[in-house]
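K.L.:
Sharing a structure here in structure tokens format.
The values are calculated or read from the model by the stated rules, or taken from the named source; none is laboratory data. Quick caveat, the model's predicted, so the values are computed rather than measured. With ideal geometry, Cβ positions are generated from the backbone for all residues, glycine too; neighbour counts draw on all protein chains shown. What goes into the accessible areas is simple: the full protein's heavy atoms, side chains included, and nothing from ligands, DNA or RNA. Shrake-Rupley method; radii C 1.70, N 1.55, O 1.52, S 1.80 Å.
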Amino acid sequence: MSEGAKLIAINASDAPTRTKLSNYPEPFASRMVGREKHPLGDLFGIINFGVNLTRLAPQAISALRHAHSKQDEFVYILEGHPTLRTDEGCTQLSPGMCAGFKAGTGNAHHLINETTEDVVYLEIGDRTPGDEGSYPDDDLMAYLENGLWKFAHKDGTAY
């Protein structure tokens with residue numbers, strides 16, 4: 001593609017893989033081993049929301065269990081059978097199922113691949129400025145500042 005040419009369409013599985021494993025600081029980033037994200041929305045210059053094609057290897061997790069203060073999130077399962085863990089408990093998902101997470105509810109969530117097969121799903125989230133992330137299972141909190149996530153311990157000290 002020539003410089004300055006705009007991308008019109010792409011096979012999602014051909015999208016480049018995100019090179020950085022995670023934005024989380026250690027010791028949390030290494031827990032994302034087995035998660036592979038293909039940022040799709042960024043390829044088209046979309047800035048108001050993000051879209052990722054994500055693959056979870058067996059025993060991998062989508063993220064630390066978290067909730068957003070301002071960001072809505074949505075997942076749509078394409079392949080495999082992940083377990084959705086929320087404050088209400090665990091729900092088995094399968095291809096064609098979807099789940100949404102309204103901002104500000106405090107309902108922490110993540111996907112876990114407890115099977116021997118890969119899980120593939122679309123994840124969509126908005127990019128509302130001033131968003132904060134809470135992590136009930138970990139000594140971590142996050143806040144979005146100038147488009148970048150900053151992380152701190154729950155007592156406020158930086159990582």
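K.L.:
Report, by residue number, each residue of the stretch 87-113 that is within 16 Å of A63 (Cα to Cα) and either in contact with a Phe, Trp or Tyr (Cβ under 8 Å, 6 or more places away or on another chain) or among the aliphatic types (A, V, I, L, M) (or both).
P.N.:
Selection gives A99, G100, F101, N107, A108, H109, L111, I112.
K.L.:
V33 passes all but one of (1) surrounded by 14 or more Cβ atoms within 10 Å (Cβ to Cβ); (2) out of contact with any strand residue (DSSP E or B) (no Cβ under 8 Å at 6 or more places or on another chain); which number fails?
P.N.:
Every condition holds for V33 apart from (1).
K.L.:
Inspect all residues belonging to the stretch 1-13 and state whether any of them is part of a strand (DSSP E or B) and either farther than 23 Å from E132 by Cα or touching a residue at least 24 places away in the same chain (Cβ under 8 Å) (or both). Quick ask: steps written out before the conclusion?
P.N.:
Residues of the stretch 1-13 that are part of a strand (DSSP E or B), as a first pass: none.
Scanning the stretch 1-13, I find no residue that is part of a strand (DSSP E or B) and either farther than 23 Å from E132 by Cα or touching a residue at least 24 places away in the same chain (Cβ under 8 Å) (or both), so the answer is no.
K.L.:
For the stretch 67-85, which residues satisfy the criterion of being open to solvent by less than 20 Å² (accessible area, probe 1.4 Å) and within 10 Å of the chain's Cα centre (by Cα)?
P.N.:
Hit for the stretch 67-85 is V75, nothing else.
K.L.:
Ok, one more. Could you list, in sequence order, all residues of the stretch 112-147 that are in a strand (DSSP E or B), over 18 Å from L64 (Cβ atoms) and either touching a His at 6+ places or on another chain (Cβ under 7 Å) or without any contact (Cβ under 8 Å) to a residue 24 or more places away in the chain (or both)?
P.N.:
E145
K.L.:
Quick test for you: out of D42, D87, pick the one residue that is modelled with pLDDT of 95 or more and of a type outside the set (S, T, Y).
P.N.:
D87 is the lone residue from the list that is modelled with pLDDT of 95 or more and of a type outside the set (S, T, Y).
K.L.:
Evaluate the stretch 4-18: report whether one residue or more is within 27 Å of L140 (Cα to Cα) and surrounded by fewer than 17 Cβ atoms within 10 Å (Cβ to Cβ).
P.N.:
yes
K.L.:
Taking the options R85, R65, name whichever one is of a type in the set (D, E, K, R) and either closer than 26 Å to D14 by Cα or in contact (Cβ under 8 Å) with a residue 40 or more places away in the chain (or both).
P.N.:
R65
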